[in-house]
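Scroll down for the structure; my scribbles are underneath it.
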């Protein structure tokens, strides 16, 4: 029983400190110009969204949210926008924690998309909540490209790749 309580306390403290750290980074780097969506809310309504990965190609190839469309580099980004005339379909953009995706979300909003959300905490919070990610072969994986050693401190579960 003592082990269970200790484990639960550890998980609570880890989740709380992660949220605080990511929250501080988002507060520092973002301007809140794109509405956030929490990982639990996205998971509950996943099939109703188009999910766009705004990271670099090598990050996406290591792992991404299931069904996510890579739009990270400019050519892919503009190709996606040019071939998707329905600008009212709900879209979620994400990156590692939600900083780069805010910039992409701003651009998408400015191009006439009317329902764009930014995944709060990005793929890191998604993975840490226990939700599946997949590799370039669409197979489940625990590996996450963490962008940098600094950003890597925000991911609490999985295998980190730099």
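The values are calculated or read from the model by the stated rules, or taken from the named source; none is laboratory data. Predicted model, so just to flag it, every value in this text is computed and none were measured. Please note: Cβ atoms are built from the backbone with ideal geometry, for glycine as well, and neighbour counts cover all protein chains shown.
Quick look at the numbers
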| read-out | value |
| --- | --- |
| Criterion violated by residue 94 - all others in (1) touching a helix residue (DSSP H, G or I) at 6+ places or on another chain (Cβ under 6 Å); (2) more than 16 Å from residue 37 (Cβ to Cβ) satisfied | (2) |
| Test: residue in the range 112-131 that is modelled with pLDDT under 95, surrounded by fewer than 19 Cβ atoms within 10 Å (Cβ to Cβ) and over 16 Å from residue 49 (Cβ atoms) | yes |
| Positions within the range 144-162 being surrounded by fewer than 20 Cβ atoms within 10 Å (Cβ to Cβ), touching a strand residue (DSSP E or B) at 6+ places or on another chain (Cβ under 6 Å) and in a strand (DSSP E or B), in sequence order | 159, 161 |
| Residue 43 vs. criteria within 14 Å of residue 125 (Cβ to Cβ), in contact with a helix residue (DSSP H, G or I) (Cβ under 9 Å, 6 or more places away or on another chain) and surrounded by fewer than 17 Cβ atoms within 10 Å (Cβ to Cβ) | yes |
| Residues that are out of contact with any helix residue (DSSP H, G or I) (no Cβ under 6 Å at 6 or more places or on another chain), touching a residue at least 40 places away in the same chain (Cβ under 8 Å) and in a strand (DSSP E or B), drawn from the range 120-143 | 134, 141 |
| Whichever residue in the range 59-76 is out of contact with any helix residue (DSSP H, G or I) (no Cβ under 7 Å at 6 or more places or on another chain) and modelled with pLDDT under 95 and, among such residues, is surrounded by the most Cβ atoms within 10 Å (Cβ to Cβ) | 76 |
